[in-house]
Amino acid sequence: MNIEAIKSIYVYEMARMRRTLLQSVISPVLSTALYFIVFGAAVGSRMEEIGGVSYGAFITPGLIMLALITQCVSNGSAGIYFPKFTGTIYEILSAPVAMTEILIGYVGAAATKGMMIGLIILATAMLFVDLDIAHPLLMLFFMVLTSITFSLAGFIIGILAKNFEQLSLVPSLVVPPLTFLGGTFYSIDMLPPFWQAVSHLNPVLYLVSGFRWSFFEVSDVHPLISLGMIGIFLAACLGFLAYIFKTGYKLRP
């Protein structure tokens, strides 16, 4: 394992975050803070508790997960797409560095950025709502597993994307609707039976539900099922990346 190569890629990607601090950190934190002000304080104060949890606290795990997924996908895709766009990817591919080491460097940096944003938003949420985290270690485990999984998904998107429009398609048009319809602002028990069944087809529901259970021991889906769904998605991403690395699909002419 070439630790120096992994470190070089990782440090370079983390430095890019410092250069784009306004876009990478301040923007998602401000956006999420607005959700807490509007939904948590203004609307939440007029709503009943859900599962014994105040509405402002109830939406907190979903909002953290929304920011976490979006940032991991965006950072994971941009990290590999820009070397492709500028042509420097061929210098990396021709270097004595294994594809797994390249993957660890890029995905590790993207997951770290996502975790940092998620933890900052968690700290921000505590300024607006009272939070008692029932299982902090499980919460961190969910965050780490989700960060790695969606950073891998973003890495795949960055490899497959042909232009900037395709690069931003999933983070801007796919992730937000799935997260909003995945129980971020409500419990699916509040829906009619038919729409409850439809909601179970949304993969983000399992992420939000399991993450919420680690906070309040309240969820729409059993946490073990949530972990299983994340594991399946993680395995699917690794399997597809193994195919890309073996064939050079979208990486080599």
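Each value in this text was obtained by applying a stated rule to the coordinates, not by laboratory testing. Quantities reported herein were computed from a predicted structural model and do not represent experimental measurements. All Cβ positions, even for glycine, are placed from backbone atoms using ideal geometry, and neighbour counts span all protein chains on display.
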The chain: angle of helix 136-160 to the longest principal axis, Cα-based, in degrees nearest 10:
50 degrees
Hey, with R₀ at 25 Å, roughly what FRET efficiency would A235 and T20 work out to, going by the Cβ-Cβ distance, to 0.05?
0.20
With T = 10 °C, eta = 1.306 mPa s and Kirkwood Rh from C-alpha pairs, the Stokes-Einstein D of the stretch 1-135 in µm²/s is about 95 µm²/s
Just how large is the dipole of the chain about the Cα centre, in debye to the nearest 20, putting +1 at every Lys and Arg Cβ and -1 at every Asp and Glu Cβ?
920 debye
Quick calc: nm separation of the 7 Å Cα→Cβ label points for F85 and S31 -> 1.7 nm
For the chain, what is the number of Lys pairs with C-alpha distance below 19 angstrom, counting only pairs 8 or more positions apart or on separate chains?
5
Per its Cα gyration tensor (rounded if a/c is under 1.5, else prolate when a/b beats b/c, else oblate), the stretch 118-244 is best filed as prolate
The stretch 202-253 and the stretch 1-79 have their Cα centres apart by a whole-number Å value of 18 Å
Would you tally the net charge around P61, using a Cβ to Cβ cut-off of less than 15 Å, leaving P61 out, and scoring K and R as +1, D and E as -1?
-3
If the viscosity is 1.306 mPa s and the temperature 10 °C, what Stokes-Einstein diffusion coefficient in µm²/s follows for the stretch 71-128 when Rh is the Kirkwood radius over Cα pairs?
124 µm²/s
Using Cα pairs under 8 angstrom and six or more residues apart, how large is the relative contact order of the chain, in percent?
25 percent
5 angstrom amide H check on I50, placed H, neighbours 5+ away
Y55
Tell me, what is the percent relative contact order of the stretch 114-250, built from C-alpha pairs under 8 Å that lie six or more residues apart?
30 percent
What percent of all Cα-Cα pairs in the chain falls in each 5 Å bin, counting up from 0?
1, 6, 13, 18, 19, 15, 12, 8, 5, 3, 1, 0, 0
How much length is gained on full extension from A134 to E49, taking 0.36 nm per residue of separation minus their Cα-Cα distance?
28.8 nm
How high is the relative contact order of the stretch 1-123, in percent, with contacts defined as C-alpha pairs under 8 Å that are six or more residues apart?
44 percent
